[in-house]
1. Can you confirm whether segment 133-153 contains a residue that is among the charged types (D, E, K, R), within 21 Å of residue 92 (Cβ to Cβ) and out of contact with any Ser or Thr (no Cβ under 9 Å at 6 or more places or on another chain)?
2. In the set 138, 155, 126, 160, which member is in contact with a Lys or Arg (Cβ under 7 Å, 6 or more places away or on another chain) and surrounded by 13 or more Cβ atoms within 10 Å (Cβ to Cβ)?
3. Just to verify a result, which residue in segment 110-140, among those that are of a type in the set (D, E, K, R) and assigned to a helix (DSSP H, G or I), is farthest from the ligand (Cβ to nearest atom)?
4. Which condition does residue 143 not pass, out of (1) within 12 Å of the ligand (Cβ to nearest atom); (2) β-branched (Val, Ile, Thr); (3) in a helix (DSSP H, G or I); (4) buried (at least 18 other Cβ atoms within 10 Å of the Cβ), if it passes all the others?
5. Can you tell which of 31, 78, 61, 99 is hydrophobic (A, V, I, L, M, F, W, C) and under 20 Å from residue 116 (Cβ atoms)?
6. Quick one: in segment 146-171, which of the residues that are more than 16 Å from the ligand (Cβ to nearest atom) and of a type in the set (Val, Ile, Thr) is nearest to residue 11 (Cα to Cα)?
7. Restricting the search to segment 101-134, which residues are touching a helix residue (DSSP H, G or I) at 6+ places or on another chain (Cβ under 9 Å) and of a type in the set (Asp, Glu)?
8. Filter segment 49-93 for residues that are among the small types (Gly, Ala, Ser) and either touching a residue at least 24 places away in the same chain (Cβ under 8 Å) or within 16 Å of the ligand (Cβ to nearest atom) (or both) and give the result.
Amino acid sequence: MRFDVLTLFPEMFPGYLGQSLLKRAIDADLVAVHLHNIRDWAHDRHQSVDDRPFGGGPGMVLKVEPVVEAVEAVEKQVDSGGHLVMLTPQGKRLDQPTVESLADYSQLTLLCGRYEGFDERVRTILQPEEISVGDYVLNGGEVAAMNIIDAVVRLIPGVLGDAESPIQDSFSGENRHRLEFSQYTRPREYRGFKVPEVLLTGNHEEIAAWRQQESTDRTRQRREDLIE
Ligand code: ADE
């Protein structure tokens, strides 16, 4: 799967992309991430990408021409089967079903905003899917784009080993409406806190039943909204 990220701050990404699961997926050619600096499509010699809002008000607005032309240039580089996503707090809130739908595309263009947002004509012309990662305001779309890449990449076949299968994750498959049960590893006791006895019995049925109950209780306590 290919991601094209359009941003004013491409330098933010290599650290994240160079570690752990993302690095492994990129090294294995399962994922490619292309970074594009929107400033490269600025029209003037000062390379301006933002300007004051018509009508007044605080902050700066991202200009329509560099953004539209950057997206069009990227779209020329990729085959059909791609999809344009704009990261914005005004978008639809990201959840696991949306992540699953994004994972069906062969390419995603992730458009990151800054400042007071995009000139509205960016939306009119490009008709992106607008996505928010939550009801709070980030300094820009970059962390939100990493969030999308991170969640989508887990669903690409071959990225996770069998042992890490995403089917077990909270919010997916059978667990769509429940949180994960609690997990323990060695030592069996720490500062007087013991691992639940049932997990040490080796009785798979009892363990499964205990986990199911744990998961239900936890969901009820923390996320009543998930229970239908
Ligand atoms: N840009 C700023 N805040 C954002 C959010 N919550 N989601 C996506 N993009 C953003």
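1. Here is the first cut: in segment 133-153, the residues among the charged types (D, E, K, R) are 135, 142, 150.
Filter once more, so that each one left must be within 21 Å of residue 92 (Cβ to Cβ): 135, 142, 150.
Within this subset, residues satisfying the condition of being out of contact with any Ser or Thr (no Cβ under 9 Å at 6 or more places or on another chain) are 135, 150.
Yes, because at least one residue in segment 133-153 is among the charged types (D, E, K, R), within 21 Å of residue 92 (Cβ to Cβ) and out of contact with any Ser or Thr (no Cβ under 9 Å at 6 or more places or on another chain).
2. Values: 138 fails: in contact with a Lys or Arg (Cβ under 7 Å, 6 or more places away or on another chain); 155 fails: in contact with a Lys or Arg (Cβ under 7 Å, 6 or more places away or on another chain); 126 fails: in contact with a Lys or Arg (Cβ under 7 Å, 6 or more places away or on another chain).
Of 138, 155, 126, 160, the one residue that is in contact with a Lys or Arg (Cβ under 7 Å, 6 or more places away or on another chain) and surrounded by 13 or more Cβ atoms within 10 Å (Cβ to Cβ) is 160.
3. Just the residues of segment 110-140 that are of a type in the set (D, E, K, R), to begin with: 114, 116, 119-121, 123, 129-130, 135.
Pick out the ones that are also assigned to a helix (DSSP H, G or I) and you get 120-121, 123.
Details: 120: 16, 121: 19, 123: 14 Å.
That would be 121.
4. All conditions pass for residue 143, except number (4).
5. On the way: 31 fails: under 20 Å from residue 116 (Cβ atoms); 78 fails: under 20 Å from residue 116 (Cβ atoms); 99 fails: under 20 Å from residue 116 (Cβ atoms).
The conditions single out 61.
6. First, pick out the residues of segment 146-171 that are more than 16 Å from the ligand (Cβ to nearest atom): 153-171.
Next, only the ones that are of a type in the set (Val, Ile, Thr) stay: 153, 156, 159, 167.
On the way: 153: 20, 156: 25, 159: 24, 167: 33 Å.
Restricting to residues being more than 16 Å from the ligand (Cβ to nearest atom) and of a type in the set (Val, Ile, Thr), the top hit is 153.
7. Scanning segment 101-134 gives 119, 120, 129, 130.
8. Of segment 49-93, the ones among the small types (Gly, Ala, Ser) are 55-57, 59, 70, 73, 80-82, 91.
If the condition is that a residue be among the small types (Gly, Ala, Ser) and either touching a residue at least 24 places away in the same chain (Cβ under 8 Å) or within 16 Å of the ligand (Cβ to nearest atom) (or both), then 57, 59, 70, 73, 81, 82, 91 are the ones that fit.
The values are calculated or read from the model by the stated rules, or taken from the named source; none is laboratory data. Only a predicted model underlies this, so the values are computations on that prediction, with no experimental measurement involved. Here Cβ is always computed from backbone atoms with ideal geometry, including for glycine, and neighbour counts include all displayed protein chains.
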